[in-house]
Every structure is written in structure tokens, then in C-alpha cells.
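Right, one structure below, let's go through it.
The values are calculated or read from the model by the stated rules, or taken from the named source; none is laboratory data. For clarity, every value in this text was computed on a predicted model and none was experimentally measured. Positions of Cβ are generated from backbone atoms using ideal geometry, with glycine treated the same way; all protein chains shown enter the neighbour counts.
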């Protein structure tokens, strides 16, 4: 039991580390301008879309971390399958500084599609993580389940996948406003 | 209780991670010069203002971390509101490597204003974190409160906001000396 | 005992940190393109080999972390020799963002050779770590040993070293497919 | 006691984080070459001095971490003075990816002097950390003291400071070989 507990703690610590590093690397996409001093103000204004992408990327990785943290606080041990699915999730989180950066620099449908695909697939893998935890009996006895968790995972992934045609058929900006639906979901679940 | 404790530990670990990464990323703003060997000495001297910014940025993030660490050592559990406000704070800390870098590279009022606004707003959000912890009853019973904490938070935020007009009306350098007032405050509180 | 336990925890935490940071820095090798908007799609397609390298690099560091985590969950204390060998291993893991980046950017035998040598040597050092743990009696009593562990370490290192002549004599791509043998090994061990 | 213990753990965790991040950022100084494929081999050979600097930097930060970890495993609580000195030390560790990078890129006396000054000052601050821990009674009762610790700290700092005139009067390379004396010291202490 003690050794199982320690294994779980390390999976926890490693995952937390990757989440924390990925979320903090987002800032590297906001590049310090190299312009003459009197053009700095306008150069900073041009970074506005990078800052929006920073905020979106921070909120998205933060939400993934929060869900992960909730799940892991219910677990009593890990197993190989959980670690494997967790690594796939972390790989998809780890690439977000790149896809978030593309989103911030380009106002193109493909930039939105790339980011939405990244987040949508990560959401589905996150759902698998919850399924593995339940199927392998890794949760503490009497752990409260959220009966709507799976439905909500599918809805969240759906919101991101649906924004891909939206970006191509309507506009990249509209597709990003569409993501605000997520905030609605968070509030409906009375987060906290 | 045990599960609550573990949730709190992970919020702790994640926050510590973001603080530690943001503070260490500051060094990336001090770029290694690319000059012929015999010009290295003067190229290094030209990095002086980047190094000053590194020191300011390190001290500021360090102070935020120290306050955060003090607050969290009094808590017995976290809740959704605390995590939400904590994420906003971490988002403002996470962007500091950028605003600190701008401060180091430019001797312009807007560079000072950007950094001061970043730190000032983060200070206010930090104050909210303390309020949420108290309002939601997350602190250990009998935890010692600093009766002046809120006043001092407002004073600290005020020092940074006040430096913005100072940078425009007097000079960016004077505005940065003004920040040294903070050290006075730290000593008045007999830090430690 | 208590103090030994804490020393071990810190070696753990430090190693986890280096693994987590190295794995997350891999994304910095996938550079955000700087092209006109209508060329973004083709610029992103050109990043395909960087993404493949990201996946290889993530899987490889992930496997090292997993083995490390397994070993350390059996330990009850650390000693100077263990820390020394661990530091050498971490140094070889820490340089992987560089060698993985070279692998992604160049389709040359030497790029494959560099990465294979990095991973092969790290595998052997990892094997030394297991030997030190056993020789110095750092494992918990009754800890289960994998009787094939050493053989498998040598086989894993061998797969990587063998890919070096393969890259020069056949082609860099074939050498990379050859690495997929590793997945076979992972499954044969019924990972989990 | 429990709350003191948790404060200490967080100072520990934060310090470990900064050490782990700084040591892993060293790799960013080894830049992936941008050359035609058939020049890759010679471009990689030109990185040799960057790799040497990586190894020196890794060993130096690793040694600081090891000493820090040893000290902190003896402590039972932290106080404001310890945190303050620790922050100064972390600030000097955090800047090492920069000074190590300059050392790797330039074969100039000033590059050696910069790095030696960085490490020498950090060593003295590290010594202060040990003094504060003792003076403030933060160590566990009965903790074993190394009677030669202070002398050795001064010797270590001296080795680095002495290499500065050596770099100017003899050559930068000789100054770096001089640092190998440190390894002798580590062995004399029968490290581990």
C-alpha cells in the first residue's frame, strides 16, 4: 500500500510538473519587440492577439489541470494503463505552447483548426483517463462520481471539433467566440 | 479530510511550479551576445539594464511566492473559488517574464507602465486570494491573521500604480527607484 | 530514518523535475512558422518531421521516467553513489531536447547517430542506477526484482546502438523504424 | 509544528524547482544548427565547447543542489532570514544558464571571469545559508555537522575567484582546467 501510494504521488508530481511547465512556457510566445523606443507603444499594441491566445491557452491548460487534479485526488493507486493514457494526455498538453502560439500569430482558419483539434483530442484522452481509473478500480471506495462527467467530456470535445468547420465557413474569430460556450458549461456545473 | 488535504497539496505544488518556472524563465531575457570576442566586454556591459530587470523581476516574483507560501501554510483545504482566483494570479505571474523583459530592454515610460500595471493588478488579485481564503473558511482554526495585511496589499498595489504617472511625468528611472519603497515596507513588517 | 526518507524524497522530486522540464522543452523545437497567412498550411505541413521527433522524444523520456519512478518506488533511502549516477543520467536526459531537435530538423545519418548514442548511453547509465541501488542495499526488503531487467536494459541499449550503422549503411528513416522494436519489448514485458 | 513543517517543505519544493529548471535550461544554450545537411557533421563538431560548458554548468548546479539538499534534510523549520538568503542563492543559480552560455560561446578571459564570479559569489551565499541555519537553530537536534564545511566553502569560492586572474594572465582554458581541483575536493570529502 505504502509503495503504491508513493507511485501514485510520483505520477501526480510528474503530471503537475508538465502542466505547470507547459502553462508557463505559453509566455514565450509573446515576444519582446525589437523596435526603436518611440515605436514601442504601437509594437506592444500589435501583441494584443498574442495576449488573447495566452489567456485562452492559460485557461484551457488550467482547466485540464483542474480536472486532472480532481480525478487524482480520488485515486488510491495507479497502474500501467493509467500511466500510459496519462503520458498521451501530457504529450498533447505539452504541444499546446506550440499550437497556442500559432493561434496567436495567425488569423487563419487552419490556426484555429490546429488548436481546436489539439484541445478536442486532449479532451477525449482525458475522458479515457477517467474511464481507465474507473475500469481498473483505482478510485477510493465511496468516491463521489459526477454522473454527467462523460457526457460533459463529449460535449466539451464537440465544442472544439465543431469550431473547425466554423473557422473555415464563417471566420476564425467567430470560432474563437464559440469557445466561450465552455465557460457556460463550467458555470452550469457550478464549478467548486 | 485526507482527500481534501491532497487536493490542497496539489494546488500548492502546481502554484509552486508556476512560480519557480516563471522566476527561472526571467534569465532567458538576458540574451547571450553574438559579437566578435574582443567586443564581448562592452556587449556584456550593455546588458546591465537587463540584469537590473532580472533582479527586480526575481525579487517581485519571490515576494509573491513568499506571500503565497505564507497564506497556504495556514490553509487546511481549498475550494473552487480559491483555485479560480489562484489561476488568475498565476496567469499574471506567468506573464511577468515578458513584462520584465520589456522593462529591461526599453528605457521608455510605457515599459515601466506595463510592468507596474502587471505587478499592481497581481497584487490586488493576491489580496482577493486572502479574502477568499478567509470568507470560505479555508484557514486552520486559530491561524494568526496579520491585521494590517489588507492595508499593506492596497499600499503595495498603490506604489506600483502610482509609478505609472511618475514614469510619464518625471522619468522611467525615477519610477523604478520609487519601487524601492517596497523594501521599506518589507522591513517595517519585520519580515521573518 | 525520517531524515533518510526526506533525502530520498528530494532526489525523487529533483529527478522528476528534470524529467518533466526536459520532456516539456521538447516543444520548443517545433518552431512557430513566420510566413504570410496563405502559406501557413504548407509551412505547418513542413513541420511534420519535427512533430514525429517530438513524439519519439516524448515517448523516450517518458519511458526513462517510468523506469526511474518504478525503481525509486522500491527504494527506502539514497546514498552518494546513487545521487552521482542519477545526476549523470539526468545530464543525459537534459540534453535530449537538443539531440531530439537535431533529429527532427535533419534527415541525415549523423542526426540519427547523435540521438541513438544519447539514448543508448542514457540506457546504460540507467542500468548502472539499478545496479547501484541493489549493490548498496537501498531497496525495501522484499522488493520484487524483475529478473530480466538487466538483460532488457542491454537489449534496449543495443537496439539504439545498432541503429547507428543502420542509419549510415541503409538510411536514416529505416533506422528510426527500427526503434519501433522497443514498443515490442514494452509489450512483451506486459507493461503494467 | 505541523504548519512549520509544511512551510519548510514548500521552501524545499520551490528551491528544488528552481535548481531543476535552471539545470535543464542549460540545454537551450546548445543551439540546433541551421546549415545544409552535408555540413551538419562539422556544425555539430563546432558545438563542442557549448557541450563542455553544458557539462560544467550541469555539474556545478548539481553540486549546489546536492549541498542544498543535504542542508535542508537536517532542518526542522525555516524562518524569514533563511528564505531571504535562499532567494539570493536561487537568484544566482537562476542566472547561471546565461553565464554558462557565455562561457560556452566565447573563449575570452571575461567569459571565464563572469562565470567564476557567478559561481564564487553563489558559493559564499551558500555558506551564509549554512550559517543562518545554525545561528537561528533551524536544524534538528543531534544533526551531524561537518566540522570542515565552512573551510571547504571558502576554499571552493577561492578556487573560482582565483581562476579570474588566471584567465587574464595565463589563458581562459587553463582557468577552466583549474576548476577540476573541485573534483579533488569532492573526493577528499569522500562524497557519499
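Mind telling me which of the residues C:63, C:8, C:82, C:71 ends up being in a helix (DSSP H, G or I), more than 24 Å from residue A:91 (Cα to Cα), more than 9 Å from chain D (Cβ to nearest Cβ) and at pLDDT below 95? Spell out how you get there, then give the answer.
Numbers: C:63 fails: more than 24 Å from residue A:91 (Cα to Cα); C:82 fails: more than 9 Å from chain D (Cβ to nearest Cβ); C:71 fails: more than 24 Å from residue A:91 (Cα to Cα).
Sole residue among the options that is in a helix (DSSP H, G or I), more than 24 Å from residue A:91 (Cα to Cα), more than 9 Å from chain D (Cβ to nearest Cβ) and at pLDDT below 95: C:8.
Right, residue C:76: surrounded by fewer than 19 Cβ atoms within 10 Å (Cβ to Cβ) and either at the interface with another protein chain (Cβ under 7 Å from one of its Cβ atoms) or free of Cβ contacts under 8 Å to residues at least 24 places away in the same chain (or both) or not?
On the way: surrounded by fewer than 19 Cβ atoms within 10 Å (Cβ to Cβ): yes; either at the interface with another protein chain (Cβ under 7 Å from one of its Cβ atoms) or free of Cβ contacts under 8 Å to residues at least 24 places away in the same chain (or both): no.
So residue C:76 does not fit the description; no.
Any residue at all in segment A:1-14 that is under 30 Å from residue A:175 (Cβ atoms) and surrounded by 18 or more Cβ atoms within 10 Å (Cβ to Cβ)? Show your work before the answer.
Applying the first criterion (under 30 Å from residue A:175 (Cβ atoms)) to segment A:1-14 yields none.
There is no residue in segment A:1-14 that is under 30 Å from residue A:175 (Cβ atoms) and surrounded by 18 or more Cβ atoms within 10 Å (Cβ to Cβ).
Looking at segment C:84-112 only, could you name the residues that are touching a helix residue (DSSP H, G or I) at 6+ places or on another chain (Cβ under 6 Å) and more than 19 Å from residue C:61 (Cα to Cα)?
Within segment C:84-112, C:106, C:107, C:108, C:109, C:110 qualify.
Restricting the search to segment A:115-126, which residues are within 13 Å of chain C (Cβ to nearest Cβ) and surrounded by fewer than 22 Cβ atoms within 10 Å (Cβ to Cβ)?
Let us first name the residues in segment A:115-126 that are within 13 Å of chain C (Cβ to nearest Cβ), namely A:115, A:117-118.
Listed by number, the residues that qualify are A:117, A:118.
So which residues in segment D:87-113 are in a helix (DSSP H, G or I) and within 7 Å of chain B (Cβ to nearest Cβ)?
In the first step, residues of segment D:87-113 are kept if they are in a helix (DSSP H, G or I); the result is D:87-94, D:96-105, D:109-113.
If the condition is that a residue be in a helix (DSSP H, G or I) and within 7 Å of chain B (Cβ to nearest Cβ), then D:87, D:91, D:94, D:97, D:98, D:101, D:102, D:105, D:110, D:111 are the ones that fit.
Restrict the check to segment A:25-40 and report whether at least one residue is within 13 Å of chain C (Cβ to nearest Cβ), in a helix (DSSP H, G or I), without any contact (Cβ under 8 Å) to a residue 60 or more places away in the chain and crowded, with 22+ Cβ neighbours inside 10 Å.
Residues of segment A:25-40 that are within 13 Å of chain C (Cβ to nearest Cβ), as a first pass: A:25-31.
So of that shortlist, the ones also in a helix (DSSP H, G or I) come out as A:25-29.
With without any contact (Cβ under 8 Å) to a residue 60 or more places away in the chain added as a condition, the list becomes A:27.
So of that shortlist, the ones also crowded, with 22+ Cβ neighbours inside 10 Å come out as A:27.
Among the residues of segment A:25-40, at least one is within 13 Å of chain C (Cβ to nearest Cβ), in a helix (DSSP H, G or I), without any contact (Cβ under 8 Å) to a residue 60 or more places away in the chain and crowded, with 22+ Cβ neighbours inside 10 Å, which makes the answer yes.
What do you reckon, is residue B:150 assigned to a helix (DSSP H, G or I) and closer than 23 Å to residue D:83 by Cβ? Break it down into steps so the answer makes sense when it comes.
Details: assigned to a helix (DSSP H, G or I): yes; closer than 23 Å to residue D:83 by Cβ: yes.
Yes, satisfied.
If I ask for residues that are away from every other protein chain (no Cβ under 14 Å), at pLDDT 85 or above and either in contact with a helix residue (DSSP H, G or I) (Cβ under 7 Å, 6 or more places away or on another chain) or surrounded by 17 or more Cβ atoms within 10 Å (Cβ to Cβ) (or both), which ones from segment D:163-192 would you list?
D:163, D:166, D:174, D:175, D:176, D:178, D:179
Run residue D:142 past the list (1) on the phi > 0 side of the Ramachandran plot; (2) assigned to a helix (DSSP H, G or I) and report the number of the one that doesn't hold.
Single failed check for residue D:142: (2).
Here are some conditions: (1) surrounded by fewer than 17 Cβ atoms within 10 Å (Cβ to Cβ); (2) facing chain B (nearest Cβ under 9 Å). Residue D:17 meets all but one. Which one does it not meet?
Going through the list (1) surrounded by fewer than 17 Cβ atoms within 10 Å (Cβ to Cβ); (2) facing chain B (nearest Cβ under 9 Å), residue D:17 breaks only (1).
Does residue D:121 meet the test of being assigned to a helix (DSSP H, G or I), modelled with pLDDT of 95 or more and within 26 Å of residue D:12 (Cα to Cα)? Explain how you work it out, then say what you get.
Working: assigned to a helix (DSSP H, G or I): yes; modelled with pLDDT of 95 or more: yes; within 26 Å of residue D:12 (Cα to Cα): yes.
The answer is yes for residue D:121.
Suppose the filter is buried (at least 18 other Cβ atoms within 10 Å of the Cβ) and touching a strand residue (DSSP E or B) at 6+ places or on another chain (Cβ under 7 Å); does residue A:129 pass it? It would help to see each step written out before you state the result.
On the way: buried (at least 18 other Cβ atoms within 10 Å of the Cβ): yes; touching a strand residue (DSSP E or B) at 6+ places or on another chain (Cβ under 7 Å): no.
In short, no.
Tell me, please, whether a residue that is touching a residue at least 40 places away in the same chain (Cβ under 8 Å) and touching a strand residue (DSSP E or B) at 6+ places or on another chain (Cβ under 8 Å) can be found in segment C:101-111.
The answer is no; no qualifying residue exists.
Among residues belonging to segment C:46-56 that are part of a helix (DSSP H, G or I) and facing chain A (nearest Cβ under 10 Å), point out the one that is farthest from residue A:94 (Cα to Cα). Quick ask: steps written out before the conclusion?
Within segment C:46-56, the first condition is being part of a helix (DSSP H, G or I), and the residues that meet it are C:48-56.
Going one step further and asking which of them are facing chain A (nearest Cβ under 10 Å), we end up with C:50-51, C:54-55.
On the way: C:50: 14, C:51: 12, C:54: 10, C:55: 11 Å.
So, considering only residues that are part of a helix (DSSP H, G or I) and facing chain A (nearest Cβ under 10 Å), the one farthest from residue A:94 (Cα to Cα) is C:50.
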